[in-house]
Amino acid sequence: MLLAACAGSGADAPAAGAWPTIVSLNPCTDAILAEVAAPGQLLAISHYSKDPRSSSMDEDMAARYAATGGTVEEVLALDPDVVVAGSFIAPATRTALEDLGIEVVTFGIAGDVAASEEQIRDLALLVGNPEAGERLVERIDRALADARPPDNRPVEVLLWQPGGIVAGEQSLVSDLLARTGFANAAPARGLSQADYVALEDVIAAPPQVLLVAGGEIGQQHRVLDRLPDMRRERFDTSLLYCGGPTIIRAAERLADIRRAVS
């Protein structure tokens, strides 16, 4: 009776044995699931999250989990109830997993903060812990509020990504730029998602702020230091593509840059 009374305060959460075990094959869902899943519930993350160049997770957090290469054999050995994957999972892999009785749930790329927060809630509901999802959403909203600039004057910024491409208007990172006091220069220059920008283009029309997330020769050229009206800043590639807790780190970094510009 005493145990039942103590458990009463968490009556909305399912018993631990009722929570599905999960293997994540997507680096973006890796980071969210690590925040909302119960201990022992997330059996493995994707191998991408073990690589700092593609991970959206803290290195220490990623080290707590096993990883798979996404093969059916590796997943089957872990015997999860659910596999969480990106929408581009190979059809043959999905079919094989489902034929083996493993539920496959897919998530696309979040195009803005609202879509990312919806994914957080969906994943938290999937693991049986919606309260954890709400706590993460609250942390994100608080970080975005803290990153909001004191003035409404947008600062022109060009985000130069790996491969020399830019972020389009309908992307999560563009939403974050707008929320932290920047105006994405790409659409104003007639550029869309993944359009290429050469070094000569930057020199010919320097933005107020150039965020360099790539490592190509042109993106590191010394001539960029000789553009007096342009501020150049590094932007880590781990902040580019995923939502969830990554939004918090991205917002903090962008707020620091915006304050320095001001």
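The values are calculated or read from the model by the stated rules, or taken from the named source; none is laboratory data. Quantities reported herein were computed from a predicted structural model and do not represent experimental measurements. Positions of Cβ are backbone-derived with ideal geometry, glycine not excepted, and every protein chain shown enters the neighbour counts. Surface areas here come from the heavy atoms of the whole protein model, side chains and all, with no ligands, DNA or RNA. Shrake-Rupley method; radii C 1.70, N 1.55, O 1.52, S 1.80 Å.
Key figures for this structure:
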{"item": "Check on Ala124, open to solvent by 30 Å² or more (accessible area, probe 1.4 Å) and either hydrophobic (A, V, I, L, M, F, W, C) or part of a helix (DSSP H, G or I) (or both)", "result": "no"}
{"item": "For Val155: the one exception among (1) on the phi > 0 side of the Ramachandran plot; (2) over 20 Å from the mean Cα position of the chain (by Cα)", "result": "(1)"}
{"item": "Residue check, Arg249 touching a Leu at 6+ places or on another chain (Cβ under 9 Å), assigned to a helix (DSSP H, G or I) and closer than 29 Å to Ala31 by Cα", "result": "yes"}
{"item": "Flag for Ala183 being outside any loop (DSSP other than H, G, I, E, B), within 19 Å of Gly243 (Cβ to Cβ) and open to solvent by 20 Å² or more (accessible area, probe 1.4 Å)", "result": "no"}
{"item": "Of all residues making up the stretch 60-77, the number that are of a type in the set (Gly, Ala, Ser), out of contact with any helix residue (DSSP H, G or I) (no Cβ under 6 Å at 6 or more places or on another chain) and in a helix (DSSP H, G or I)", "result": "1"}
{"item": "Residues of the stretch 202-230 satisfying the condition of being open to solvent by 80 Å² or more (accessible area, probe 1.4 Å) and part of a helix (DSSP H, G or I)", "result": "Ala204, Gln220, Arg222, Asp225, Arg226"}
{"item": "Looking only at the stretch 231-244, and only at residues there that are assigned to a loop (DSSP other than H, G, I, E, B) and open to solvent by 20 Å² or more (accessible area, probe 1.4 Å), the one that is farthest from Pro27 (Cα to Cα)", "result": "Asp236"}
{"item": "The one condition in (1) in a strand (DSSP E or B); (2) under 20 Å from the mean Cα position of the chain (by Cα); (3) of a type outside the set (Lys, Arg) that Gln170 fails to fulfil", "result": "(1)"}
{"item": "Residue selected from the stretch 80-105 under the condition exposed (fewer than 12 other Cβ atoms within 10 Å of the Cβ) and either touching a residue at least 40 places away in the same chain (Cβ under 8 Å) or within 21 Å of the chain's Cα centre (by Cα) (or both), by the criterion farthest from Leu123 (Cα to Cα)", "result": "Phe88"}
{"item": "Qualifying residue in the stretch 36-53 (condition: of a type in the set (A, V, I, L, M), touching a residue at least 60 places away in the same chain (Cβ under 8 Å), over 22 Å from Pro91 (Cα atoms) and in a helix (DSSP H, G or I))", "result": "yes"}
{"item": "Subset of the stretch 127-153 [part of a helix (DSSP H, G or I), of a type outside the set (Gly, Ala, Ser) and under 22 Å from Arg179 (Cβ atoms)]", "result": "Glu134, Arg135, Leu136, Val137, Glu138, Arg139, Ile140, Asp141, Arg142, Leu144, Asp146"}
